[in-house]
Amino acid sequence: MSEDAKETLVRYLTVQRDALRWKLEGLSERDARMPMTPTGTNLLGLVKHVASVTADYLGACVGRPFPEHLAWNDDDAEDNADMWAGPDESLESVLALWDRVWAHADATLEALPLDASAHVPWWGDRGDTTLHRLVVHLIAEIARHAGHADIVRESIDGAAGLRDGVSNLPEGDVQWWAAYVERLRATAEAAGD
C-alpha cells in the first residue's frame, strides 16, 4: 500500500471521529447522556463506546496496548457498560478519555504501516489480520455510530450536520422543513400498510 492510501484512510477516519465528537458540543450533562431510543442510545455512550473500541483495535490488537485500564471492557462488566456514562463519569471526563485514546491511536497510525500484523481475539478464525483492515473496520464502525449520533442530536435540540457550519442539508427555513416533513408524512400515510 502506498502512503497515499494510508493518508486517505486516516483522513476518512478523522472526519468520522471528529463528526461524532462534535455531536456533544454545547450539550449539558443531562442531554449528553439522555437515552433517546428504546435500547438506550445516548450521545455520551456512543462516544465512550467508540473510544473503547478504538483503544482495543488501534492498541492491543496491533501490539501497542492503550496504557489505561477500561473497566467497562472487563469480562465481568455489566452488559453495555461501554454504551453509557455512569454517575462517576462526566461529559468532560469521557471527552478527555476520547482525546487520550485518539492521541494513542494517532501515534499507532503514525508508527505502523498498513500491512502491519494485527490480531483481534473476538473475531475468531478471522482474527489474524492487518492494520489496514482494522482502519477500514473502524471507519465503518464510527460512521455507523456517527449516523446514530446525527439522529440523537437532532432529536435533542434540532442540531444537524457534519460539523460546525457544514450541515450537508438543504438550506430551508423552519417553514420549509415543516412543509417538507409534512409532505413525507402524507406520502407515507398514502402508502398504507
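The values are calculated or read from the model by the stated rules, or taken from the named source; none is laboratory data. Keep in mind it's a predicted model, so treat the numbers as computed, not measured. Cβ sites come from the backbone with ideal geometry, for glycine too, and all protein chains shown count toward neighbours. Note: areas computed on protein heavy atoms with side chains; ligands, DNA, RNA excluded. Shrake-Rupley method; radii C 1.70, N 1.55, O 1.52, S 1.80 Å.
The figures follow:
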| item | result |
| --- | --- |
| Residue that is within 23 Å of Arg33 (Cα to Cα) and assigned to a helix (DSSP H, G or I), where the choices are Ala96, Ala85, Ala105 | Ala96 |
| Single residue of Ala118, Ala179, Ala188, Ala149 found to be on the phi < 0 side of the Ramachandran plot, small (Gly, Ala, Ser) and within 15 Å of the chain's Cα centre (by Cα) | Ala149 |
| Output for segment 4-57, where each listed residue is under 12 Å from Ala85 (Cα atoms) and of a type in the set (Val, Ile, Thr) | Thr41, Val47 |
| The one condition in (1) under 21 Å from Thr14 (Cα atoms); (2) open to solvent by 40 Å² or more (accessible area, probe 1.4 Å) that His145 fails to fulfil | (2) |
| Unique match (being within 22 Å of Gln16 (Cα to Cα), among the basic types (Lys, Arg) and free of Cβ contacts under 8 Å to residues at least 40 places away in the same chain) among Arg185, Arg144 | Arg144 |
| Pairs, first of a type in the set (S, T, N, Q) in segment 10-27, second assigned to a helix (DSSP H, G or I), C-beta under 8 Å, six or more apart | Gln16/Ile139; Gln16/Ile142; Gln16/Ala143; Gln16/Ala146 |
| Any hit, segment 162-175, residues being exposed (fewer than 14 other Cβ atoms within 10 Å of the Cβ) and within 21 Å of Ala55 (Cα to Cα) | no |
| Cross-chain or 6+ apart pairs with Cβ under 7 Å, segment 102-128 first and under 22 Å from Val15 (Cα atoms), then open to solvent by 60 Å² or more (accessible area, probe 1.4 Å) | Thr108/Arg64; Leu114/Met1 |
| Which listed residue is more than 24 Å from Leu46 (Cβ to Cβ), surrounded by 12 or more Cβ atoms within 10 Å (Cβ to Cβ) and within 21 Å of the chain's Cα centre (by Cα), from His104, His132 | His132 |
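Conditions tested, residue by residue: (1) open to solvent by 50 Å² or more (accessible area, probe 1.4 Å); (2) among the basic types (Lys, Arg).
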site: Lys6; (1), (2): no, yes
site: Val10; (1), (2): no, no
site: Glu25; (1), (2): yes, no
site: Ser28; (1), (2): yes, no
site: Asp31; (1), (2): no, no
site: Lys48; (1), (2): no, yes
site: Ala51; (1), (2): no, no
site: Ala55; (1), (2): no, no
site: Ala60; (1), (2): yes, no
